[in-house]
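Single-structure report; data block below.
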Amino acid sequence: MKQRICMAVCATIAAITALAAEPDTLRLAEVTVTAIKQSADLSRQASAITVLDRGDVERNNVMTSRAATTQVPNVFIPDYGSRMTSTIYVRGIGTRIDQPAVGLTVDNVPVMCKENYDVDLVDIGRVETLRGPQSTLFGRNTLGGVMNVYTLSPLNYQGTRVLAQYGSHNTWRLGGGHYARPKPQLGLAATAYYTSTEGEFTNQYNGRRTDWERQGSGRIKVDWLPADGWQVANVLSLSVSRQGGYPYEYLATGQIAYNDTCFYRRTSVMDGLTVTHRGPWYSLSSITSYQYINDNMTLDQDFTTLPYFTLTQARREHAVTQDLVLRDIAAGQYHWLAGLWGFYRHMTMDAPVTFKDTGIASLIEEHVNEAIPAYPVMWDTREFVLGSHFTSPTWGMAAYHQSTLQLGQWTLTAGVRLDYEHSTLRYHSETHTGYSIWNRHTDSLHGHEAIDIDDRGHLSKDVFEILPRLSVVWQPSENRPHTIHASVSRGSKAGGFNTQMFSDVLQQRLMGMMGIGASYDVDRIVGYKPERAWNYEVGAHLASGNNRLTADVGLFYMDCRNRQLTVFPDGTTTGRVMTNAGQTRSLGVEAALQARLTERTTLVASYGWCDARFVKYHDGKADYKDKQVPYSPAHTLFAEARHNIGLGGDNRTLTLAVNVQGAGHIHWNEANTVTQPFYALLGANATLQLKHIGLQLWGTNLTGTRYRTFYFVSIGHEFLQRGHGRALGATLRLNFNT
């Protein structure tokens, strides 16, 4: 399969390269953007870029970052059971917890908390995905790239939009927005959205659906032109989400069955204010945001029908960001951009682990009694709490600069970012319980021990990063849109603290007081270092035949050090830990093609191949050198063919489309012994578009392909999450322009 796909990609690249030499080419249509840090013509940037316009967004029902990446080569966002775990993998980079590998901005405002990435938006106008490190301009956690989402502006669009969708599993989506321009200088927009689903997967223990959801959101957007050269935009959004969870099946039985309640609840608020002033030769922009999230993940951490233990992770976070961007806009061969960035985040979290009867018996009493059989112990109660409370203030600042020099057919760009970050973790771990000791020889009570642990501590980290980027773009002719680019860049992903390990630290401390168990070095096991990578890339943006055929192709190599990897501690522990897993390297190919075969028929395809392997990683028991990095797919594939049928009159068409998206193989552990093979999901839709009304009938995973999206281990038990099966539905859109 791999060889056939690679041969097809090579043939495509060869064909496109040949077409690039044709003399009858036209310049690529310039993409109008509202980006502050990027060139208006994305085709001339030295980056691998995928852009979805409003037509792409609506045709494919794109409302989330996960849906937006299905067409992007080597980008993969799996469904991990809730909106909290919106992990992004790109070019072999990505981790399941804590810091993201890809940045997300909405209307130029960076989303600081990864748990806020998976939010539905009904007014997406365009999505840009830039692959490869973007840290020089966008800073922390853009090691793998950045996704820029832009919503509709009431200065560009006025009218009322309504969305109604119904699909399998009693899934509803209802949304609407009104965009007005009461004055030439003022635009106002308000949108609201609600979604509900009964869920697809059933917990065999209680017969209830595990993946039900209710979500509502609202946005108010103001675009104002107070004077010549000035523009002010403010976006205020609120989102409330309530979910069940999680569809994790026990690998040994193939069943989803657990006894304790699981859910995820999230309330988030974001306000972003952007003020831009354009002078005679410069543009100065200020981007200010306030972000708040209050969420609660509660789950049956053992995911069995036995009462082992449960985990709650309740967090509240406030964040403030400020970005100042100054760039010249004068005509000439030399252009520059400079900026200052700062942020402050304050997070508090309560993360208690509740041990229950089976957990106490098998994880504590059994081990103690095996070690000291003459004096068995009996816990005072059949349930107790390992309490953990955290406070984590983090702040940082950065200065960055980028210079661009135009020399005929060549465009040279050099940039650098100086980034400083200080993070602190204050922790309070406690448990208050006790146990009785029996004398087996006399069959009598030997004594009683009370356990009162009240640990407090303080950890801090300081990190300074230098993040350079060099690139060159060659445009053979001003009359042709083709560009060839090469770049070298350095990116980083922030370090942090393993808060989920504190319950294990406390558990081992407790067992140590009983004379067994191992002790953890808190400083070593809780903290992890930033991940850093150099990216080397060559690629091309090509077009031919009056823009009937456009393509992006590229090759990349990433050298990653202090690779952050989520691992599961040995034995019957309860947590998971982020570790720095030595060194990895990723190399791969990316290709995207759009061909207008006729005036009414279009073919779109994208493919990514990434070989990500450990160069150096030994976990103390095994050497994983040359093993493939887990969780990141080796292949990503998307292809769509669509045909428009005119029905007479203006704005009356029927569009038929069929698509396929695939990913795999995916190794689920460092030893590469558990694997999800490559899978492909077939979809189709038919859209009837009248003047103000659009009706779409759609289906996803029409063949009912069975696949898995997640793997993890808990107390030695292996679990997999099922992927979504066949779904059918209809979407109604009403669009009344004014």
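The values are calculated or read from the model by the stated rules, or taken from the named source; none is laboratory data. From a predicted model like this one, the values you see are computed outputs, not experimental measurements. When we count neighbours, we look across all protein chains shown, and the Cβ atoms used for this are built from the backbone with ideal geometry, even at glycine.
List of remarks:
- Some residue of the range 582-604 being buried (at least 21 other Cβ atoms within 10 Å of the Cβ) and modelled with pLDDT under 90: no
- Residues (farther than 17 Å from residue 507 by Cβ and among the small types (Gly, Ala, Ser)) located in the range 338-371: 338, 339, 342
- Identity of the residue in the range 530-553, part of a loop (DSSP other than H, G, I, E, B) and modelled with pLDDT of 85 or more, that ends up surrounded by the most Cβ atoms within 10 Å (Cβ to Cβ): 530
- Residue 381 meets the conditions (1) among the β-branched types (Val, Ile, Thr); (2) in contact with a helix residue (DSSP H, G or I) (Cβ under 9 Å, 6 or more places away or on another chain); (3) surrounded by 19 or more Cβ atoms within 10 Å (Cβ to Cβ) in every case but one. The failed one is (3).
- Within the range 409-423, restricting attention to residues that are assigned to a strand (DSSP E or B) and more than 30 Å from the chain's Cα centre (by Cα), the residue that is farthest from residue 325 (Cα to Cα) is 410.
- The condition of being in contact with a Pro (Cβ under 7 Å, 6 or more places away or on another chain) and hydroxyl-bearing (Ser, Thr, Tyr) holds for only one of 150, 179, that being 179.
- Selected residue (criterion: modelled with the highest pLDDT) from residues of the range 50-84 that are part of a helix (DSSP H, G or I), within 13 Å of the chain's Cα centre (by Cα) and surrounded by fewer than 20 Cβ atoms within 10 Å (Cβ to Cβ): 67
- Among the candidates 160, 136, residue that is assigned to a strand (DSSP E or B), touching a residue at least 60 places away in the same chain (Cβ under 8 Å) and more than 12 Å from the chain's Cα centre (by Cα): 160
- Residue list for the range 579-630, filter: among the β-branched types (Val, Ile, Thr), assigned to a strand (DSSP E or B) and farther than 23 Å from residue 130 by Cβ: 579, 601, 602, 615
- Unique match (being over 19 Å from residue 612 (Cβ atoms), out of contact with any Ser or Thr (no Cβ under 6 Å at 6 or more places or on another chain) and surrounded by 22 or more Cβ atoms within 10 Å (Cβ to Cβ)) among 130, 121: 121
- Residue, modelled with the lowest pLDDT, within the range 85-106, restricted to residues that are among the aliphatic types (A, V, I, L, M) and over 10 Å from the mean Cα position of the chain (by Cα): 97
- Condition met for residue 517 (touching a His at 6+ places or on another chain (Cβ under 9 Å), modelled with pLDDT under 90, of a type outside the set (Asp, Glu) and under 24 Å from residue 385 (Cβ atoms)): yes
- Subset of the range 86-111 [surrounded by 22 or more Cβ atoms within 10 Å (Cβ to Cβ) and either of a type in the set (A, V, I, L, M) or in a helix (DSSP H, G or I) (or both)]: 88, 90, 93, 101, 102, 104, 106, 109, 111
- Residue identified as at pLDDT below 95 and either among the aromatic types (Phe, Trp, Tyr) or over 18 Å from residue 44 (Cα atoms) (or both) among 130, 137, 155: 155
- Hits in the range 277-293 - residues which are under 30 Å from residue 351 (Cβ atoms) and surrounded by fewer than 16 Cβ atoms within 10 Å (Cβ to Cβ): 290
- Of the criteria (1) outside any strand (DSSP E or B); (2) closer than 30 Å to residue 644 by Cα, which one residue 662 fails: (1)
Listed here are the residues, each with its yes/no results for (1) assigned to a strand (DSSP E or B); (2) surrounded by fewer than 15 Cβ atoms within 10 Å (Cβ to Cβ); (3) at pLDDT 90 or above.
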site: 457; (1), (2), (3): yes, yes, no
site: 464; (1), (2), (3): yes, yes, yes
site: 471; (1), (2), (3): yes, no, yes
site: 477; (1), (2), (3): no, yes, no
site: 481; (1), (2), (3): no, no, no
site: 484; (1), (2), (3): yes, no, yes
site: 487; (1), (2), (3): yes, no, yes
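- The range 620-632, subset free of Cβ contacts under 8 Å to residues at least 24 places away in the same chain and in contact with a Lys or Arg (Cβ under 7 Å, 6 or more places away or on another chain), residue surrounded by the fewest Cβ atoms within 10 Å (Cβ to Cβ): 626
- Among residues of the range 633-665, those that are surrounded by fewer than 16 Cβ atoms within 10 Å (Cβ to Cβ) and at positive phi, counted: 3
- Residue that is nearest to residue 246 (Cα to Cα) [pool: residues in the range 313-326 that are touching a Ser or Thr at 6+ places or on another chain (Cβ under 6 Å) and crowded, with 18+ Cβ neighbours inside 10 Å]: 321
- Test result for residue 153, touching a strand residue (DSSP E or B) at 6+ places or on another chain (Cβ under 6 Å), outside any strand (DSSP E or B) and closer than 27 Å to residue 58 by Cβ: yes
- Test: residue 245 is surrounded by 22 or more Cβ atoms within 10 Å (Cβ to Cβ), on the phi > 0 side of the Ramachandran plot, touching a residue at least 40 places away in the same chain (Cβ under 8 Å) and of a type in the set (Gly, Ala, Ser): yes
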